Amino acid sequence: MDTATPAVTVALHDGEAVVASSAEVDARRHGELLLPAVDRVLAEAGLKLDAVTGIVVGVGPGPYTGLRVGLVTAAAFSSALGVPVHGLCTLDGLAYASGIDGPFAVATDARRKEVYWARYEDSRTRVTDAAVDRPAEIAERLAGLPVVGAGARLYPEAFPDARDPEHQSAAGLAALAVEKLAAGPSADGDDGFLEPLPMYLRRPDAQVPKNYKVVTPK
């Protein structure tokens, strides 16, 4: 599952292929849409939640509230079912789903006229850390490269070669996770997954108001 972008997306993978998937794009209703999506996917597969043996969740980068919905739900399922949670960078899921063989970048909407982005050598190999910047600030660095994701479509003047997919897909994220699990840990023990913790990259949009009036009882 992934809720780091406006796409609320869930998929079920059996180790060989995606069995069922769901994706709805709504930047303001992550909390309302995620659990019904899980129910739909399980119903389509003819399974119940206790059939799940592992959970993959996109850890962002993404806005504060939406991102936490997916991570908290994944943690709750993990605790209830006694199964592991594997974190993956949301941008990596988009990169993998693109299937692009050569160098490219991924950019998602970070609001505030910024994008979350990273550069890739191919669909499986990220070569920079995820970052957040204004499109104009990175346009020269990414000049000539295809750019995958909604960020490219929002700022065509900075990213003229926009590529699909525009939105995150849990099906792609699940397929990437299955590939990593099949490969096993590297020589140094790295299994290719991240801790299922939120990757924010900046402070939340909501702030405690300054100089607010203090009310005390009489």
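The values are calculated or read from the model by the stated rules, or taken from the named source; none is laboratory data. Being a predicted model, the structure only gives us computed values, none of them experimental. Here Cβ is always computed from backbone atoms with ideal geometry, including for glycine, and neighbour counts include all displayed protein chains. With ligands, DNA and RNA removed, areas are computed over all heavy atoms of the protein, side chains included. Shrake-Rupley method; radii C 1.70, N 1.55, O 1.52, S 1.80 Å.
As an exercise, identify the GluC sites (Glu not before Pro) in segment 134-207 lying in DSSP coil whose Cβ has no more than 14 other Cβ atoms within 10 Å.
Within segment 134-207, the qualifying GluC sites (Glu not before Pro) (loop, at most 14 other Cβ atoms within 10 Å) are 140, 157.
Can you find, among 194, 120, 100, the residue sitting farthest towards the positive end of the charge dipole of the chain, where Lys and Arg contribute +1 and Asp and Glu -1 at Cβ?
194
Go through 72, 132, 57 and list them by solvent-accessible area, largest first, probe radius 1.4 Å.
72, 132, 57
Might you tell me the accessible area per residue for the chain, computed with a 1.4 Å probe and given in Å²?
53
So what is the 222 nm mean residue ellipticity for the chain from helices alone, if each DSSP H run of at least 4 adds -39500 (n - 2.57) and you divide by all residues, rounding to the nearest 500 deg cm²/dmol?
That comes out to -9000 deg cm²/dmol.
Take every Cα pair under 8 Å in the chain that's 6+ residues apart, average their separations, divide by the length, and report that relative contact order as a whole percent.
23
What GluC sites (Glu not before Pro) does segment 7-85 have in DSSP loop regions with at most 13 other beta carbons within 10 Å?
Within segment 7-85, the qualifying GluC sites (Glu not before Pro) (loop, at most 13 other Cβ atoms within 10 Å) are 16.
Accessible surface of residue 128 in the full protein assembly, 1.4 angstrom probe, to the nearest 10 Å²?
40
What's the carbon and sulfur percent of the chain's accessible surface, probe 1.4 angstrom, rounded to a whole number?
Carbon and sulfur atoms account for 52 percent of the accessible area of the chain.
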